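What follows is a short report on a single structure.
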Amino acid sequence: MPAPTSVPTRITTLLCGLILAGAATATPAAAGGDGATVFKLSGTAERQVENDRMIATLVAEARAPEARDAAAEVNQRMEGALAHLEAFEHIDTRTLDYSTRAIQDRNDRSRITAWQVRQSLELRGGDFDSLTERVGELQQEHELTVSGIRFGVSAEREREARREMIDDAVEDLTDQARAMARSIGASHLRPLEMELTRQRSHGPQPMMARSEGVASAPALEAGESTLTIRVDGRMQALGADTLRVTPR
């Protein structure tokens with residue numbers, strides 16, 4: 001009759017069995033048997049794109065002892081400006097902020113001496129010459145003043161440029177991944193994840209000057225905008241060499 005197995009011996013046998021079973025079911029990546037390494041990288045692309053949109057902001061402003069009189073004058077100017085622009089369908093227009101402000105006496109802040117009313121009008125278009133002429137006409141004929149003029153890239157042109165830039169950004173990312181893979185002796189790369197990040201376009205703002213042709217029309221240079229995109233990704237490098245660390 002065999003001798004009974006002690007409790008410590010049975011526990012030791014069970015632990016050894018669990019360890020062996022765990023080693024047999026571990027994935028190669030977790031065990032590090034395939035030499036896989038994950039790189040986190042970013043690739044970028046930048047392009048200069050000619051501006052094809054002009055945005056002009058004009059202001060109608062009036063001051064009068066009574067708020068209703070100032071408002072009536074601003075409304076009259078703005079209605080005249082909008083009617084003037086109806087014939088130009090290629091120009092997009094919209095009215096913006098409308099404000100009424102009390103003007104107080106300098107010596108007695110409790111006394112209101114006048115009311116100031118202000119409203120903005122925005123014009124957008126791709127025909128720069130026509131838009132510039134309209135700006136001059138609105139200043140001369142409807143007493144509007146220019147608050148600001150800027151240029152940008154239309155949504156259509158920006159989409160087209162960004163589609164072309166994606167290839168450049170991904171190529172930049174993969175070039176970096178290949179260089180890193182070579183440095184550790186990896187033989188293959190596997191893309192795990194990629195994310196496209198759109199960054200804002202930016203460009204120099206033009207300085208306004210008077211045109212010789214139309215006294216009140218600003219002479220402008222559209223210039224270019226800089227479009228930038230970034231691709232963030234994770235790449236798995238396969239078959240990398242084991243790097244030996246020399247002890248100190």
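Go through the residues of the stretch 39-48 one by one and say whether even a single one is among the β-branched types (Val, Ile, Thr), in the same structural domain as Ser183 (by TED's automatic domain parsing) and either more than 30 Å from Leu196 (Cα to Cα) or at pLDDT 95 or above (or both). Taking every residue of the stretch 39-48 in turn, at least one turns out to be among the β-branched types (Val, Ile, Thr), in the same structural domain as Ser183 (by TED's automatic domain parsing) and either more than 30 Å from Leu196 (Cα to Cα) or at pLDDT 95 or above (or both). Summed over the stretch 69-84, the residues that are over 16 Å from Ser99 (Cβ atoms) and under 36 Å from the mean Cα position of the chain (by Cα) give a count of 5.
Among the residues of the stretch 145-160, the one identified as over 21 Å from Leu121 (Cβ atoms), of a type in the set (Lys, Arg) and either in contact (Cβ under 8 Å) with a residue 40 or more places away in the chain or touching an Asp or Glu at 6+ places or on another chain (Cβ under 8 Å) (or both) is Arg157. Checked against (1) out of contact with any Leu (no Cβ under 6 Å at 6 or more places or on another chain); (2) under 21 Å from Gln48 (Cβ atoms); (3) at pLDDT below 95, Ser187 meets all criteria but (2). For the stretch 161-189, what are the residues that are within 21 Å of the chain's Cα centre (by Cα) and of a type in the set (A, V, I, L, M, F, W, C)? Once the filter is applied, which keeps residues that are within 21 Å of the chain's Cα centre (by Cα) and of a type in the set (A, V, I, L, M, F, W, C), the stretch 161-189 yields Ala161, Met165, Ile166, Ala169, Val170, Leu173.
Checking the stretch 67-79 against the condition returns a match, with at least one residue being outside the structural domain of Arg162 (by TED's automatic domain parsing) and touching a helix residue (DSSP H, G or I) at 6+ places or on another chain (Cβ under 6 Å). Scanning the stretch 96-123 for residues that are among the aliphatic types (A, V, I, L, M) and touching a Lys or Arg at 6+ places or on another chain (Cβ under 6 Å) turns up just one, Ala114. Which one of these does Glu171 not meet: (1) touching a strand residue (DSSP E or B) at 6+ places or on another chain (Cβ under 9 Å); (2) farther than 26 Å from Val146 by Cα; (3) of a type outside the set (Ser, Thr, Tyr); (4) at pLDDT below 95? Tallying (1) touching a strand residue (DSSP E or B) at 6+ places or on another chain (Cβ under 9 Å); (2) farther than 26 Å from Val146 by Cα; (3) of a type outside the set (Ser, Thr, Tyr); (4) at pLDDT below 95, Glu171 fails exactly one: (4).
For Arg163, are the conditions met, namely being assigned to a helix (DSSP H, G or I), of a type in the set (D, E, K, R) and modelled with pLDDT under 95? So Arg163 fits the description; yes.
In this entry, Ala114 is excluded by the filter for residues that are among the hydrophobic types (A, V, I, L, M, F, W, C) and closer than 30 Å to Glu156 by Cα.
The values are calculated or read from the model by the stated rules, or taken from the named source; none is laboratory data. In this text, all values refer to a predicted model and were calculated from it rather than measured experimentally. We place every Cβ from the backbone using ideal geometry, glycine too, and count neighbours over all the protein chains shown.
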